[in-house]
Structure formats: C-alpha cells, structure tokens
Amino acid sequence: MKSLTIAISTFFTTLSLTSIAQAANQEHIRQLLATKQCQNCDLTSAGLVMADLSGANLTGANLTGANLSRANLTGADLRGANLAGAGLFGANLSEAKLGGANLVGADLRNTYLANAEFTSAYLQGTNFQGAVGIPLQIATPEEFYAWGVAEAQKGNQQQAINYFNQAIAAKPEYAGAYLARGVARYQILDRKNAFEDAQTAEKLFTSQNNTTGIQTAQAFIKELQTPYTEKVSAGKPSFFDFLGSLGSVLLQFLPF
C-alpha cells in the first residue's frame, strides 16, 4: 500500500509538472545556499549544479525535478525529501541520510554513495548506473552483475570488477559473477586472480549442475593456462569477443 501511495503521488506530481511550469521558491534557494538549513523547503526544479551542500539539512524538502548534478551533498540530511525525477548525476552523496526519501525516477548515475543511508527510501526506476559504493541492500545481485557487464563492455574493467565484487558479496554462490570478474581481470592482465575466479566458477557451476557454465569455465581455464602468443592491450572493450561463446554464457545471468 505504501508503494502504491507513493506511485500515485508521483503520477500526479508528474501531471502537475507537465501542465504547469513550476519553479523553486527563490527565497528558499537563497536560504539554502546561505545557511544550508532548508527543512520542508520548496526547491522544485531548482538549479543547484555543483552546489556545496555538504551537511545541509534538507529534511522533508521538495526537490522534485531539481538539478543537483555534481553537487556536494556529503553528509546531507535528506530524510523524507521528495527527489522524484531529480538529476543527481555525479553528485557526492557519501554519508548522506536518505531514509524515507522519494527517489522514484531520479538520476544517480556516477554518484558517490559510500556509507549513504537509504532505509525505506523509494527507489523505483532510480538509475544507479556507474555509481560508486552502492549499498548492498538497495540492489539485487543480478542488478550489480548487469551493471558490471555494462561497464566491462565500455572498457571500464575496474568499475566492472567493483560491481562483480558486490554481486558476489550479496550472493556468494553466484557462479556467473565469478566468471565475469575473471574475464574482467584477464583483460587488465591480472591472470593470477582471473585463474582463481575461473576455478571458483567451475566448482560452483559443477555444484549447480550447469553444464554450459562448466564447459565455459573450463575453456576459460584452458585459455589462462596458455602462454601469451601476442601482445594483449589492457582495458580494451572486448568483454564478449575474445573467448568466442563466453559472451552468450555471461548474458544468461543478466536480469531480463
């Protein structure tokens, strides 16, 4: 019922935004920037790009559609705030309090979320792609895995490894995540750890009676045991190509 209520609220908020050109209360914006104290303020669609709001008190504030891209919100108190549709691309939300906040449809790509608190936050449609330090409790292992694959495809192998680490931390028996992490490590020339991941994946696939996974892990192990025959470029975005059929196996673990 709670999620239904917030969905209905978001729907009518969207209707009002499209029918009436709303703007933030300018006095509230000045108050926020001057004092960092703006509880229950009306900051609808406010332009706060790169604003220094570290430690700001924004409890209960209406930030619907606000642009907070690359803002410093370290330690900010956003409990109960309405951030539906807000742009937070690249923002620093480390140690921010977001308990009970409405983040439906918010853009949190490339944000920094170390020790951020999301208890009872509404996260339907929130975009966390590329975010660093996503708390385990707000995403499924399969979502972490999907984000990892997406980063690896773009050649961002270290970020991909971070996501695979989180998928494994949330689901230690996730064979596909071990295999994918091994591939990412292979591409940054970390053959030792890639080999360990491949072996772990093989054992897990075996225990899960996954024949395709077993065969693919074994093929990867064989590849890792073969000496280099040509120069390999680290970090090239060929996550699915260099081992032929491996890509189709990894795709089986994406949350469609």
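Only the coordinates and a few stated rules stand behind these numbers; no lab work does. Every value quoted in this text rests on a predicted model; they were computed, and no experiment measured them. No Cβ is skipped: glycine too gets one built from the backbone with ideal geometry, and neighbour counts run over all protein chains shown.
Data table
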| item | result |
| --- | --- |
| Additional length obtainable on full extension of the chain from Q37 to N127, 0.36 nm per residue less Cα span | 29.7 nm |
| Which listed pairs, of K97/K171; K97/K154; K171/K203, have C-alpha distances above 20 Å, in listed order | K97/K171; K97/K154 |
| Peptide ranges 189-201, 30-42 listed from the most packed, as the mean C-beta count within 10 angstrom indicates | 189-201, 30-42 |
| Label point distance in nm, E196-R30, each placed 7 Å from Cα along Cα→Cβ | 5.9 |
| Restricting the range 36-131 to chymotrypsin sites (Phe, Trp or Tyr not before Pro) in coil, as DSSP defines it, with at most 12 other Cβ within 10 Å | none |
| Simple label model, 7 Å out from Cα along Cβ direction - D52 to A169, nm | 3.1 |
| Spacing of the two label points (7 Å from each Cα toward its C-beta) at Q225 and T211, in nm | 2.2 |
| For Q37, distant residues with modelled amide H under 5 Å away | N57 |
| Cα centroid separation - the range 131-210 against the range 28-94, whole Å | 34 |
| Ranked list, fewest to most other Cβ atoms within 10 Å of each Cβ, for I188, I134 | I188, I134 |
